[in-house]
1. Obtain the nm distance between the two label points defined at L142 and M123 by a simple spin-label model: each point lies 7 Å from its Cα along the Cα-to-C-beta direction.
2. Measure off, as a whole percent, the carbon and sulfur share of the 1.4 Å-probe accessible area of the chain, all protein chains present.
3. Summing Lys, Arg as +1 and Asp, Glu as -1, what charge do residues with Cβ under 13 Å from the Cβ of V109 carry, V109 excluded?
4. Report, to the nearest 10°, how far helix 40-50 tilts away from the longest principal axis of the Cα atoms in the chain, using its own Cα long axis and a range of 0 to 90°.
5. Run the dipole for the chain about the Cα centre, Lys and Arg Cβ at +1, Asp and Glu Cβ at -1, nothing else charged, and hand back the magnitude in debye, nearest 20.
6. Pull out the extension gain between T40 and W54, defined as 0.36 nm times the separation in residues minus the alpha carbon to alpha carbon distance; nm, one decimal.
7. Rounded if a/c is under 1.5, else prolate if a/b beats b/c, else oblate: with a ≥ b ≥ c from the C-alpha gyration tensor eigenvalues square-rooted, which is segment 68-142?
8. In vacuo Debye scattering of segment 48-112, one point per C-alpha: log10 I(q)/I(0) at q = 0.15, 0.20, 0.22, 0.27 Å⁻¹?
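The values are calculated or read from the model by the stated rules, or taken from the named source; none is laboratory data. Source: prediction; values computed, not measured. Here the Cβ is made from the backbone with ideal geometry for all residues, glycine too, and neighbour counts use every protein chain on show. Protein only, heavy atoms only, side chains kept; ligands, DNA and RNA dropped before computing areas. Shrake-Rupley method; radii C 1.70, N 1.55, O 1.52, S 1.80 Å.
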Amino acid sequence: METVWLTGAEWAAVLRIGLGLWWLESWRHKDKKGWFERGTGIAWAADVAGRHQWPQVRIGFEKVVAPRPKLMAYVVVYAELALGVGLITGFLTPVALVGGLLLNLLYLVLMIHDWAEQGQNAMMALISLVALFTLSWQTWSLDSAIGLFR
């Protein structure tokens, strides 16, 4: 494949790193005190799930998230941080890409009625797929440097 300025593998790495920066920004702009002390993030998600057009979303939320709101707040917030750091550094990249894809799909389903949120999550999911199938960890990554996922 012929490209401008960088090789195809380097462009895939740029895409992976950009996605990591997106996840890091998602983590950075969260009000952690609100999420962890006041439960604002999970309360917001409970409201969205409770009004969701698909009853499976409400039922799933009530069974998985509602019984453990504080734990789930930490899981969501620190998953976004781990995804960002993993993708930027290229450490455990395929794991981060699949995890991010699943998290984006979960967000996409939860926010099915919000077009702006859907667009962001659909784009992030698409980038995850491209980065995954172009083996974006083979360039500019810790995975490559230590010989993981050849």
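1. 2.8
2. On the way: 6080 of 8750 Å².
Looking at the chain in its full context, I get 69 percent from C and S.
3. Details: positive: R58; negative: D114, E117.
Result for the neighbourhood of V109: -1.
4. That works out to roughly 70 degrees.
5. Working: 12 positive and 11 negative charges, 109 e Å.
Result for the chain is approximately 520 debye, rounded to the nearest 20.
6. On the way: separation 14, 0.36 × 14 = 5.04 nm, distance 2.27 nm.
Between T40 and W54, full extension yields an extra 2.8 nm.
7. On the way: a/c = 2.80, a/b = 1.34, b/c = 2.08.
Oblate is the answer for segment 68-142, as a/c is 1.5 or above yet b/c matches or exceeds a/b.
8. -0.55, -0.85, -0.95, -1.13
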